[in-house]
Amino acid sequence: MNIRAIVSRPWIWGFAAAVLVWAIIMAISGQGGGQTVSLALSLAPYLVVVGLGQMLVITAGPGNIDVSVASIISLAGFVSVGVAASTGSATVGILAGIGVGVLVATISTVAILGLSVPPIIATLAAGLVASSVTLSLANGFTAVPDPGLRQLLNVRPAGIPVLAVAVAALTGLVIVLLRRTVYGRSLLAVGQNRRAAERAGIPVARVIATTYLVSGALAGLTGALLAAYIAPSADLGTRYLLDSVAVVVIGGTLISGGRAVPVGVWGAGLFFILLDGLVNLVGWSTAAQNLLKGGLVLFVLFLAGGGDRAGGTASRFRRRPRPAAATTTTTGDNTHG
Amino acid sequence: MDNRGPRAGEPVVIAKGVTKTYGRTRALTGVDLEVRAGEVLGLVGHNGAGKSTLMRVLAGLEACDEGAVLVHGNEVSGAAGPRAENFRAVRMAYQETSLCPDLTVAENIWVSSRHCLPRLGWRRAASDAVRRRLDEMFPGHGVTPRDRVEDLSLAQRQMVEITRASLVDRLDLLILDEPTESLGPDAARSLYDYVRTLTAAGTAVLLISHRIREVLSVADRVAVLRDGAVTAERFAEGLGEQDVLELMGAHVAVPSDRERTAARAAGDGADRPVVAELRGATGPGLREVSLRVGAGEVVGLAGLAGQGQQEVLERLWRPVRRDTTVVGTRAYVPGDRQRSGVLPLWSVAENLIVTAMRGLARQGLRRPAEERAAVGDWVERLAIRGGADAGITELSGGNQQKVIVARAFASTAELVLLDDPFRGVDVHTKTDLYGLIRQEAAQGRSVVWYSSENAEMAHCDRVYVFRAGRVVAELVGEEISEERIIAVSFAESESDGEQSNE
């Protein structure tokens, strides 16, 4: 494995950026780096879970995006805390959170597949429905998160949060899902060329429905966990809309669909959490933080140039001076440019 | 019109020792070619012989690795790469059209010809120009400049593509890459009439086509491309189809009659169990169509392009209406492989197995060992160049099409629908694939095959000929012949005009 092969892995950049930001934090604060990493590892999993769902949706091809995740997180937070308090079981609470996510995603799915509404509008509308329910729930909400679950989320043996390990396992599951299951391969095929996938006998509608429902479920799970970790609030999920899309893109997943990079979501997630820490350390405002993040996403999209597919065709037109001797031994470097 | 212009005019574009490599594929191994003013040069060769690449180099879209391209005697494309302004007067109409599907026809004209349109009022100028040229080239085309390209039929898109290429203030060389693959005979004839007007005015035309008879009837000279180099250049006069096929190194594809009759002797279709049936199907593009597909039968849908054959395939692919019955599973082989065939990010293996994967899987989990075995089998059986691990987009069009065909047949589908899949595929590959279809039918698979090439129908057990959404004839066994199909599909209106086309 040479350097070139490593550099061409799309997920490497998120981790590289995370390490860079980590080094800067250490240099500025002058404290031990272990604590920073441990803190990042306890915050990043929430972003990774919702990011994995967003990644699957974006992989389904051009136009597919789930902008309801922020509202789902907020709503699922209230519902799971409320249900957990009234039933006395944190597990039932989490399941209720996931259920709420699936429910909201069902609205989006029906609108997208049944009424042919563009996904961005459909999920926006479903998100609005969720938001209004959240607001009515938030009025006079008194229940407090389950203390047992909160404790569990704060357990850090050897500085590594239990949740990070669990979410790492979940990421592994998503990798297996994409590589080894019929659904995963179908999703990648649909994302590359929907017409071709349909002609190849893939049930496109079912694949897309599943994808949105999984994204909703993962957002619901995020909301349930996050509400237990922090506290339910109406703007619990707000920052996760931009962030979930950003970690997917920075993680190396093709914005045009057909290629998903689950590991990249981790790298980009850690990068974002550390970046938050850094700008807090420097003392920037939230507005400046968002400006920085938005700029980063645009920058990455600019670098990626729409991904391999577009890059491949672009390099065919690019003028490429070649040494006259290079003939047969060139091994496909123009397809990865 | 009958004067084809000067035989040996000034060379317009010259290629000298041009080579080009993509990834693992050596597309051009050293091409020497000269195109002279006022002539039609036909270029023939198998798919994968390097025709498309050569065209791209000659049109200045791509740099060559070695050698040089000369336009009017000036070297313009060496290793440093071509410059657009040197190639202004060289235009190319692509086999898979280069039009932007979301733009209108007039807007597409602007995209490729903006240097010869006014800055203000370009839309009107482009509309006028394209309407005039379309009327000249393809009378009765049915395209208006305000149509979105996506809404046009394949044939209309091809017409617009050719028109787009020809619309420029000065045209020295027009490259036509498989221009008639999706055109009907009428449109093809009027296109070639226009080509002669062009050459009479001193423009050179480079014609690439698999239809050798067509090339011979239009071209002044014929160049044969084989394995990335020009292996022969002849004057078209006195040259026969057989001669060209031999120069291309092809074993001439003669449908083996013995095999066919043997297959038919097993049963003429009436006593076979019915796999699919249409009973008086009526709808957009279809009127009272009844047809029947038996197990292990190859059923052809013939006739001119766009007479309802694709609508029948669509009905069989998604049998939602009550007048359609399909028993068992189906697989589809699309003809428009860029739009509805290829999955561009994947390798040959991944593209090939995507349909069969579902049948092989257990509880939604793939079985990689079985998949690999199936892929290995098919790559070998169809001799797919580049092997299983090559990226699908690295392959030539013919090899891509093999993968798409293999995708359908690798599945367990009992009914395979072919949507004119062999357009632009070389003779060799076609012969292989015809054999494959017969083998699979012999094993009990049913095939419904729409083709715009009537000669292909000889490989069918039964052929339904379509005209204007109706079945106008059902031919069985010995009745199936090119002449017969042509006669039936043109029946009333064009029976006399047909002779001059052949």
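The values are calculated or read from the model by the stated rules, or taken from the named source; none is laboratory data. Just so it is clear, the structure is predicted and the values come from calculations on it, not from any experiment. Cβ placement follows ideal geometry from the backbone for every residue including glycine, while neighbour counts extend to all protein chains displayed. Just the protein is used for accessible areas: all its heavy atoms, side chains included, with ligands, DNA and RNA removed. Shrake-Rupley method; radii C 1.70, N 1.55, O 1.52, S 1.80 Å.
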Report summary line: Taking the dipole of the protein assembly as shown about the Cα centre (Lys, Arg +1; Asp, Glu -1; charges at Cβ), the one of B:Gly17, A:Gly30, B:Gly30 that reaches farthest to the positive side is A:Gly30
Report task. Give the whole-number value, in cubic angstrom per residue, of the convex hull volume spanned by the C-alpha atoms of chain A. Result -> 168
Query raised in the report: Over the protein assembly as shown, what per residue volume does the convex hull of the Cα atoms give, in whole Å³?
Result: 194
Query raised in the report: When the C-alpha atoms of segment B:102-169 are aligned to their principal axes, what extent does each axis show, in angstrom, from largest down?
Result: 30, 25, 16
Query raised in the report: Semi-axes of chain B's equivalent ellipsoid from the Cα gyration tensor, sqrt of 5 times each eigenvalue, largest first, rounded to whole Å?
Result: 38, 27, 23
Report summary line: In degrees, nearest 10, the alpha-carbon axis of helix A:262-282 is tilted away from the dominant principal axis of the alpha carbons of chain A by 70
Query raised in the report: Taking the Cα-to-Cβ direction at A:Ile28 and at B:Glu136 and moving 7 Å from each Cα, how far apart do the two end points lie in nm?
Result: 6.7
Query raised in the report: Across the protein assembly as shown, how many lysine pairs separated by 8 or more positions, or lying on different chains, have Cα atoms within less than 21 Å?
Result: 5
Query raised in the report: Percent relative contact order of segment B:102-169, based on C-alpha pairs within less than 8 angstrom and at least six residues apart?
Result: 45
Report task. Evaluate peptide A:250-263: per residue, the Cβ atoms of other protein chains within 10 Å of its Cβ; return the mean as an integer. Result -> 1
**Report entry** Structure-based [θ]222 nm, chain B - -39500 (n - 2.57) summed over DSSP H runs of at least 4, per residue, nearest 500
**Finding:** -9500 deg cm²/dmol
**Report entry** Heavy-atom SASA rank of B:His141, B:His72 (probe 1.4 Å, accessible area, largest first)
**Finding:** B:His72, B:His141
Query raised in the report: With the other protein chains left in place, how much accessible area per residue, in square angstrom, belongs to chain B at a 1.4 angstrom probe?
Result: 41
Query - Loss of accessible area when A meets B, both sides summed, Å² nearest 100, probe 1.4 Å - result: 3400
Query raised in the report: Can you give the relative contact order of segment B:341-412 as a percent, counting alpha carbon pairs under 8 Å and 6+ residues apart?
Result: 49
Query raised in the report: Going by average Cβ neighbours within 10 Å, how do the peptides A:208-218, B:365-375, B:445-455, B:385-395 rank, with the highest at the top?
Result: A:208-218, B:445-455, B:385-395, B:365-375
Query raised in the report: Given a cut-off of under 8 Å on Cα pairs at least six residues apart, what relative contact order in percent is computed for chain B?
Result: 16
Query raised in the report: Taking the Cα-to-Cβ direction at B:Leu120 and at A:Val129 and moving 7 Å from each Cα, how far apart do the two end points lie in nm?
Result: 5.2
Query raised in the report: Helix A:182-192 sits at what angle to the longest principal axis of chain A, using alpha carbons and giving 0 to 90 degrees rounded to 10?
Result: 60
Query - Cα gyration tensor shape of segment B:326-382, rounded if a/c is under 1.5, else prolate or oblate by comparing a/b with b/c - result: oblate
